Amino acid sequence: MYRRAWTLMVFLAVGMATWAIALAIALDKRLVDPEGSFLGPSYIRLPLLLLGALLLDLLPLTIWRSWRAPRTIPSVIRDRLRNHWNKERWTLVAMGITCFYVVYVTYRNIKSFLPFVISTKYDRELHLVDHALLFGHDPATFLHTVLGTGVAAHVLSYVYLWFLPMVPLVVTAWVVWARNLSYGYWFVTSQCLAWTLGTISYYALPTLGPGFRYVYLYTDLPSTPSGRLMASLADTRHNVIAGTVEGAVQSVAGFASLHCGITMLVALMVQYTINIRWLRIAVWVNFGVTAIATLYFGWHYIADDVAGILIALVSFYVGGLASGQKFEGKGLRSHPTTTTSAVPVLRD
């Protein structure tokens, strides 16, 4: 039923893993589990992620439905397991989380190998493009002048950093709670594709990003979590390249902006699959503010953000086709063409 989505997810996971292993062998380096130092090894973490997805669904629901009648707890749990956590749901959750996890971990490693594969950087060229688009001005200088470097810096910093916990949360949310399973496959397939395309873009046009290449443009900013993260990444990059640290990955690469790509992908998925107006507004605002933050702090050039948006559009559309979505109205709306034993295809 979801063979195309399964095939694409597995193909991307295997392809990224093969790429990472081949680079590690060629460079005589070992693959690193980026979160392994404080979240434990993968063979423990993956089962915990699956168990966490189950508990994330069962615990709040059980408490909500049985808080006035504790004796009904067993029946509430049995009911949910029978009606929601069927074989189809477990297949989606297991495949989705596993494939995404493999793609993400290998993405981090392949990105870390970039300085050892390609030494050329195109920061100057993209910096000149920024100047051409803004008539000789830097995006950062323009935004610092318009928005100021006080409250705006702290607000933008926290919105930018929200991306880090958002990624695993939204993946889990779609595979656990998507009423139509095709939406869960759509989201995870699109996520895997977006991270893969983002990895390819790092090698197609390697850059550091203006905040790392043109540090003087950001000296007027106050100390923020975003700024401290940038400084930490710069130090880690230096140590990884120098070989003075083990078990770490360097995470500096500008083109394309996956902050823009992934936040836009989330916004598109909410727009097409969830009919809650305030949530639609919230995710689009999150995308817009994140895009501004990438330029404000110097994480990316304008071209990086544009490329990230294109990655989101391609991933969203291809993931939709793979999961059985039919696009209508020049692509401005869609409906699923697949069904499950529990949820038939319904159209308003």
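The values are calculated or read from the model by the stated rules, or taken from the named source; none is laboratory data. Just so it is clear, the structure is predicted and the values come from calculations on it, not from any experiment. Heads up, the Cβs are rebuilt from the backbone with ideal geometry, glycines too, and the neighbour counts pull from every protein chain shown. These accessible areas exclude ligands, DNA and RNA; they are computed on the full protein's heavy atoms, side chains included. Shrake-Rupley method; radii C 1.70, N 1.55, O 1.52, S 1.80 Å.
Assorted remarks:
- Residue check, VAL117 within 27 Å of CYS192 (Cβ to Cβ) and either among the acidic types (Asp, Glu) or open to solvent by less than 60 Å² (accessible area, probe 1.4 Å) (or both): no
- From the options TYR216, TYR185, residue that is assigned to a helix (DSSP H, G or I), free of Cβ contacts under 8 Å to residues at least 40 places away in the same chain and either out of contact with any Pro (no Cβ under 9 Å at 6 or more places or on another chain) or of a type in the set (A, V, I, L, M) (or both): TYR216
- In the range 220-237 there is at least one residue matching the filter, namely being acidic (Asp, Glu), touching a residue at least 24 places away in the same chain (Cβ under 8 Å), out of contact with any Pro (no Cβ under 6 Å at 6 or more places or on another chain) and more than 30 Å from THR91 (Cα to Cα).
- Test: residue in the range 84-91 that is more than 26 Å from PRO168 (Cβ to Cβ) and part of a helix (DSSP H, G or I): no
- Taking the range 131-148 as the range and being assigned to a helix (DSSP H, G or I) and of a type in the set (A, V, I, L, M, F, W, C) as the test, the residues that pass are ALA132, LEU133, ALA140, PHE142, LEU143, VAL146, LEU147.
- Here HIS144 does not qualify as under 11 Å from ILE302 (Cβ atoms) and surrounded by 13 or more Cβ atoms within 10 Å (Cβ to Cβ).
- Any hit, the range 242-257, residues being touching a helix residue (DSSP H, G or I) at 6+ places or on another chain (Cβ under 9 Å), open to solvent by 40 Å² or more (accessible area, probe 1.4 Å) and in a helix (DSSP H, G or I): no
- ARG213 charged (D, E, K, R), over 20 Å from ASP138 (Cα atoms) and crowded, with 16+ Cβ neighbours inside 10 Å: no
- Per-region count, the range 149-182, residues of a type outside the set (S, T, N, Q), outside any helix (DSSP H, G or I) and open to solvent by 20 Å² or more (accessible area, probe 1.4 Å): 3
- Which numbered condition HIS238 fails, given (1) in a helix (DSSP H, G or I); (2) open to solvent by less than 40 Å² (accessible area, probe 1.4 Å); (3) under 26 Å from GLU125 (Cβ atoms): (2)
- Residues that are more than 26 Å from MET95 (Cβ to Cβ) and open to solvent by 80 Å² or more (accessible area, probe 1.4 Å), drawn from the range 50-68: ILE63, TRP64, ARG65, TRP67, ARG68
- Lone qualifier among VAL289, VAL306 - being open to solvent by 60 Å² or more (accessible area, probe 1.4 Å), modelled with pLDDT of 95 or more and not polar (S, T, N, Q): VAL306
- Residue in the range 87-96 that is at pLDDT 80 or above, exposed (fewer than 14 other Cβ atoms within 10 Å of the Cβ) and more than 25 Å from ALA194 (Cα to Cα) present: yes
- When the test is whether a residue is at pLDDT 90 or above, of a type outside the set (D, E, K, R), surrounded by 15 or more Cβ atoms within 10 Å (Cβ to Cβ) and not in a helix (DSSP H, G or I), LEU229 does not pass it.
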